[in-house]
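Written below as structure tokens is the structure these notes are about.
The values are calculated or read from the model by the stated rules, or taken from the named source; none is laboratory data. Predicted model only: the values in this text are computed from it and were never measured. Neighbour counts run over all protein chains shown; Cβ positions are idealised from the backbone, glycine included.
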Amino acid sequence: MSIEQQTESTQKPKLNFRFLLSGAWIAGFIFCIIFAIITVFLGEWQMDRRMEKLDEINKIVDNYDIEPVPYDEAGHLFENFEEQHKWTPVIVQGEYLEEDTLVARNRPRAGEPGFEVLVPFLTESGDHILVDRGWLPIGEDATAPDTVPAPPEGQARIIVRVVPGEQTINRNAPDGQVASIHLPTVSEQLDYEIAEEAYGLMAGESPQMDVVPQQMPEPQRDEGPHLSYSMQWFTFGLMSFVVWGWLAYQKAVRNREDEMYGEREEDGYISAHRIERVKPVKRRRGQMTDEEIEDAMLNS
């Protein structure tokens with residue numbers, strides 16, 4: 001390093017950030033704060049969705065594959081549903097009321113539209129519950145299944161998993177169909193009352209029929225991408241301040257360089273972008289050497 005470069009480095013002024021008090025930079029910082037608040041809100045929203053998924057997975061793990069519980073012990077869940085007991089398998093004795101069979105419309109499965117078969121079931125204790133026997137594809141006219149497999153006649157022993165009824169979607173449906181498994185709406189279509197808080201998803205029945213609807217698939221135990229989405233939102237909020245700070249640093253560096261170049265020109269230094277071309281000098285006897293010419297140029 002030359003003496004000139006050493007002198008320049010020792011005299012380099014400090015970075016000046018007073019420009020951050022200007023209106024534009026204050027507005028930029030306020031924008032970062034608002035953006036960070038929004039990203040934190042979105043990140044927390046994704047975390048809440050993840051916790052809901054984990055809670056649902058825990059119910060599946062705790063209840064789905066346990067030994068079926070007799071209706072005498074778990075029958076109250078159909079009238080007074082408890083969320084922690086969702087998916088609990090229950091053994092029920094009684095008979096299907098086939099003449100009151102309904103189908104729930106708009107039930108896609110694996111990308112194919114279809115219906116779910118709903119059949120009221122009269123228990124030995126005299127209660128009426130709704131049983132979802134499974135899924136059927138749409139028929140040729142696309143308004144109903146081609147055929148609905150009949151349930152066992154007379155006394156039957158079924159195993160169902162308890163799930164809560166659905167919300168109403170306020171849509172009309174053709175006779176013999178419902179737009180959603182909204183149990184009060186289903187009860188209105190029957191001549192008797194059924195349990196209006198939960199219904200049963202078919203898990204098995206005896207006697208076994210030769211033709212039955214397709215059984216409903218096991219619920220997924222995947223929490224989804226909510227955790228990664230949440231981390232991304234938090235990172236976006238932090239990065240806004242990083243970008244603002246980096247831009248401020250670059251601005252301070254440019255201001256210092258402009259100040260340094262201005263001082264050098266005032267002190268007689270040659271600016272890097274203003275160096276003039278020097279005409280070559282021919283060597284003659286008695287004239288200066290190349291080294292002497294270079295020294296003279298530097299001194300000037």
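Kindly check whether there is at least one residue in the range 211-234 that is in a loop (DSSP other than H, G, I, E, B), surrounded by fewer than 12 Cβ atoms within 10 Å (Cβ to Cβ), over 29 Å from the mean Cα position of the chain (by Cα) and modelled with pLDDT of 90 or more. Yes.
In this structure, does Pro184 turn out to be under 16 Å from Glu98 (Cα atoms), out of contact with any Pro (no Cβ under 8 Å at 6 or more places or on another chain) and of a type outside the set (D, E, K, R)? Considered against the rule, which asks whether it is under 16 Å from Glu98 (Cα atoms), out of contact with any Pro (no Cβ under 8 Å at 6 or more places or on another chain) and of a type outside the set (D, E, K, R), Pro184 comes out as no. Filter the range 69-81 down to residues that are surrounded by 14 or more Cβ atoms within 10 Å (Cβ to Cβ) and within 34 Å of the chain's Cα centre (by Cα), then give me how many there are. Summing the residues that are surrounded by 14 or more Cβ atoms within 10 Å (Cβ to Cβ) and within 34 Å of the chain's Cα centre (by Cα) in the range 69-81 gives 3.
Is the range 189-197 home to any residue that is more than 25 Å from Val92 (Cβ to Cβ) and either within 33 Å of the chain's Cα centre (by Cα) or not in a strand (DSSP E or B) (or both)? No.
Yes or no, residue by residue, for (1) closer than 12 Å to Trp244 by Cα; (2) at pLDDT below 95; (3) in contact with a Gly (Cβ under 7 Å, 6 or more places away or on another chain):
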| site | (1), (2), (3) |
| --- | --- |
| Ser2 | no, yes, no |
| Gln5 | no, yes, no |
| Asn16 | no, yes, no |
| Gly23 | no, yes, no |
| Gly28 | yes, yes, no |
| Thr39 | no, no, yes |
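Residues of the range 56-63 include none that is closer than 30 Å to Pro151 by Cβ, in a loop (DSSP other than H, G, I, E, B) and basic (Lys, Arg).
Counting only strands (runs of 3 or more DSSP E) wholly contained in the range 89-167, the ones carrying 2 or more residues that are surrounded by 13 or more Cβ atoms within 10 Å (Cβ to Cβ) and in contact with a Gly (Cβ under 6 Å, 6 or more places away or on another chain) occupy 114-123, 128-137, 155-164.
Which of the following residues is at positive phi and of a type outside the set (Asp, Glu): Trp45, Trp87, Trp135? Of the residues listed, the single one that is at positive phi and of a type outside the set (Asp, Glu) is Trp87.
When you look at Val242, is it under 38 Å from the mean Cα position of the chain (by Cα), in a loop (DSSP other than H, G, I, E, B) and either modelled with pLDDT of 90 or more or crowded, with 16+ Cβ neighbours inside 10 Å (or both), yes or no? It is false that Val242 is under 38 Å from the mean Cα position of the chain (by Cα), in a loop (DSSP other than H, G, I, E, B) and either modelled with pLDDT of 90 or more or crowded, with 16+ Cβ neighbours inside 10 Å (or both). Among residues of the range 215-236 being hydroxyl-bearing (Ser, Thr, Tyr) and touching a residue at least 12 places away in the same chain (Cβ under 8 Å), the one that is nearest to Glu44 (Cα to Cα) is Ser230. Would you confirm whether or not the range 113-134 contains a residue that is out of contact with any Ser or Thr (no Cβ under 7 Å at 6 or more places or on another chain) and over 25 Å from Pro152 (Cα atoms)? Yes; the residues of the range 113-134 include at least one that is out of contact with any Ser or Thr (no Cβ under 7 Å at 6 or more places or on another chain) and over 25 Å from Pro152 (Cα atoms).
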